[in-house]
Amino acid sequence: MRKFLTTTAVAAIMMGGMAGASAVHAAESVEVLHWWTSGGEAAALDVLKKDLESKSISWTDMPVAGGGGTEAMTVLRARVTSGNAPTAVQMLGFDILDWAKEGALGNLDEIAAKEGWDKVIPTALQQFSKYDGHWIAAPVNVHSTNWMWINKAALDKAGGKEPANWDELVALLDNFKAQGITPVAHGGQPWQDATIFDAVVLSLGTDFYKKAFIDLDPATLGGAEMKTAFDRMTKLRSYVDDNFSGRDWNLASAMVIEGKAGVQFMGDWAKGEFVKANKVPGTDFICMRFPGTQGSVTFNSDQFAMFKVADDKVPAQLQMAAAIENPAFQSAFNVVKGSAPARTDVSDEAFDACGKKAIKDLADANTAGTLYGSMAHGHANPASVKNAIYDVVTRQFNGELTSEEAVTELAAAVEAAK
Ligand code: GAL
C-alpha cells in the first residue's frame with residue numbers, strides 16, 4: 001500500500017512537473033536532434049540557434065555525435081518508440097520519407113503555402129520534403145559528396161596542377177607520398193568509405209552511377225565496371241595512414257588543414273572545417289570535384305523533419321521552419337556550413353570561391369541532367385539498401401573481400417535488401 005501510494009505520488013508529481021514545464025516553455029521552445037558536433041558543423045548550427053533565440057524561441061539541444069547520422073538515427077528510433085519525439089530532427093533523403101510513411105511527421109503546408117516554398121525550393125529537394133503532397137520537412141542546405149580537398153602547399157610542391165583524371169590523381173598521390181606526408185586523409189568508418197565510393201563510381205560515368213545506385217540494376221552492380229570501381233578503392237586504400245580506422249572525418253580534414261596529409265575525399269561539410277580554421281580557398285587549400293566527375297554532382301540535403309508534437313508546441317515548430325527557409329538565414333548558415341542554399345533565389349555574393357562553385361555546379365548539373373542523389377548520404381535509396389551497400393564497400397576497403405567477391409556480394413546484397 002505504501003509502495004502504491006508512493007508510486008502514484010511520484011507519477012502525479014512528475015506529470016504535474018511536466019505539465020508545468022510545458023506550460024512555461026512549450027510555446028517558445030524547440031528540441032532539436034542532430035549530428036552537427038564538429039567545429040564547422042557546430043558553428044553553422046549556432047547560426048540557427050541564435051536566429052531562433054532572436055525570435056524568443058529557446059533551443060534544447062540533442063546532439064548525437066557520428067558523421068553521416070547513423071548513430072543519430074538509432075537514438076531517434078528509441079526516442080520515438082518511447083513516445084517522446086523531438087520537435088525537429090536533422091535528417092537525410094529517404095529516411096524522411098520512411099518516417100512520413102510511419103505517420104510520425106507533422107504538416108508544414110500552411111507555412112509553405114504562405115511563404116511560397118513550392119516556387120523556390122528545387123524539385124530535387126522537394127521530393128524529400130514532401131510526402132503524399134504535404135510538406136513534412138524544411139530543407140536547410142544542399143551538400144554534395146564528389147569533392148576533394150587539397151592542401152595547397154603540398155599541391156604546389158607537386159607542380160601545382162589539379163588532377164583531371166584518375167591517372168593524374170594517382171600520380172599526385174604518389175608525389176604526396178614522396179613528400180613524406182600521408183597522401184589520403186581518411187577515417188575508416190562505413191559512411192566515409194561509402195562517401196569515397198560515391199565519387200569513384202561517379203568518376204566511371206554518370207550513366208554507370210545512375211544504373212548502379214539509382215536504378216539498382218543487377219547487371220551494373222555485378223558487372224565488370226564495378227570491379228574497376230572496387231579496384232580503385234583498393235588503390236586509394238594504399239594511400240591512407242595506419243591509424244585511419246575509426247577516425248572521425250573532421251580529424252581527417254584537420255590532417256589536410258595542417259599539411260600532414262595531401263588530400264581528403266569528402267563532402268563539402270569539410271569546407272566548414274577549413275573555414276573554421278581560418279583557411280582560405282585558393283590560398284591554403286583547393287576545392288575541386290573528384291577527378292573525372294566534373295560536370296556531375298551527387299547531392300544530399302540536410303532537412304529538418306518536423307515530428308508530430310503536442311498542439312502547444314506547434315507554433316514554435318512552424319516558426320523554426322519559417323526561420324530555416326528565410327533567404328538571409330540560408331545565406332548566413334550555408335556560408336559557414338560549406339553547403340549551398342536550399343533555395344534557388346539566394347545570392348552567392350557572401351560565399352567564398354568554393355561556395356560559389358558549389359552553387360553553380362548544382363545549377364549546371366540540374367540543367368544538364370547530371371544531378372543525382374548521393375548513395376552514401378541517403379539520397380539514392382532507403383536505409384535498408386544503403387546499409388547493404390555500406391557493408392560490402394567497407395569489407396572490401398578493409399581487405400576482407402577481393403574486388404571480384406565484392407562485385408558478387410554487392411549485387412546479391414542489394415537484391416536482398418530492395
Ligand atoms: C552528412 C550531412 C552533413 C554533415 C556530414 C558529416 O550526412 O549531410 O551536414 O554533417 O554528414 O557529419
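Is it the case that P315 is without any contact (Cβ under 8 Å) to a residue 24 or more places away in the chain, within 19 Å of W135 (Cβ to Cβ) and surrounded by fewer than 19 Cβ atoms within 10 Å (Cβ to Cβ)?
no
Does the stretch 374-383 include one or more residues that are free of Cβ contacts under 8 Å to residues at least 60 places away in the same chain, surrounded by fewer than 23 Cβ atoms within 10 Å (Cβ to Cβ) and among the polar types (S, T, N, Q)?
no
Could you pull out the residue among I214, I196 that is within 16 Å of the ligand (Cβ to nearest atom), under 22 Å from G373 (Cα atoms) and in contact with a strand residue (DSSP E or B) (Cβ under 7 Å, 6 or more places away or on another chain)?
Only one candidate passes the filter, namely I196.
Find the residue count for the stretch 71-95, including only residues that are more than 11 Å from the ligand (Cβ to nearest atom) and in a helix (DSSP H, G or I).
Selection size over the stretch 71-95: 9.
Would you point out which residue out of G267, G246 is closer than 25 Å to V142 by Cα and not assigned by TED's automatic domain parsing to the domain that holds G69?
Criteria check complete, one pass: G267.
Any idea how many residues of the stretch 177-227 are under 23 Å from E404 (Cβ atoms) and in a loop (DSSP other than H, G, I, E, B)?
7
Go through L155, L236 for me and flag whichever is over 26 Å from the mean Cα position of the chain (by Cα) and of a type outside the set (D, E).
L155
Being hydroxyl-bearing (S, T, Y) and within 15 Å of the ligand (Cβ to nearest atom) is true for just one of S29, S38. Which residue is that?
Going through S29, S38 in turn, the sole match is S38.
Could you list, in sequence order, the residues of the stretch 236-254 that are surrounded by 15 or more Cβ atoms within 10 Å (Cβ to Cβ) and more than 16 Å from the ligand (Cβ to nearest atom)?
Answer for the stretch 236-254, where residues must be surrounded by 15 or more Cβ atoms within 10 Å (Cβ to Cβ) and more than 16 Å from the ligand (Cβ to nearest atom): L236, R237, Y239, V240, D241, F244.
I'm trying to understand the selection: among the residues of the stretch 276-299, which are assigned to a strand (DSSP E or B) and either surrounded by fewer than 16 Cβ atoms within 10 Å (Cβ to Cβ) or among the polar types (S, T, N, Q) (or both)?
T298
Checking the structure you have, find out if any residue of the stretch 265-276 is more than 16 Å from the ligand (Cβ to nearest atom) and among the acidic types (D, E).
No, that holds for no residue.
Each row is one residue, and each column tells you yes or no for (1) modelled with pLDDT under 95; (2) out of contact with any Phe, Trp or Tyr (no Cβ under 8 Å at 6 or more places or on another chain); (3) over 25 Å from H377 (Cα atoms).
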site: E162; (1), (2), (3): no, yes, yes
site: N165; (1), (2), (3): no, yes, no
site: D174; (1), (2), (3): no, yes, yes
site: G180; (1), (2), (3): no, yes, yes
site: V184; (1), (2), (3): no, no, no
site: G187; (1), (2), (3): no, no, no
site: W191; (1), (2), (3): no, no, no
site: T195; (1), (2), (3): no, no, no
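Across the stretch 334-343, which residue is farthest from the chain's Cα centre (by Cα) among those that are assigned to a helix (DSSP H, G or I) and crowded, with 23+ Cβ neighbours inside 10 Å?
Ranking the qualifying residues of the stretch 334-343, first place goes to N334.
Of the conditions (1) part of a helix (DSSP H, G or I); (2) touching a helix residue (DSSP H, G or I) at 6+ places or on another chain (Cβ under 7 Å), L362 satisfies every one except a single condition; which number is it?
Among (1) part of a helix (DSSP H, G or I); (2) touching a helix residue (DSSP H, G or I) at 6+ places or on another chain (Cβ under 7 Å), L362 violates only (2).
Results for (1) within 12 Å of the ligand (Cβ to nearest atom); (2) surrounded by fewer than 20 Cβ atoms within 10 Å (Cβ to Cβ), shown as yes or no for each residue.
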| position | (1), (2) |
| --- | --- |
| V47 | no, yes |
| T60 | no, yes |
| P63 | yes, yes |
| G69 | yes, no |
| D98 | no, yes |
| E110 | no, yes |
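The values are calculated or read from the model by the stated rules, or taken from the named source; none is laboratory data. These numbers come from a predicted model, not from an experiment. Note that each Cβ is placed from the backbone with ideal geometry, even for glycine, and that neighbours are counted across all protein chains shown.
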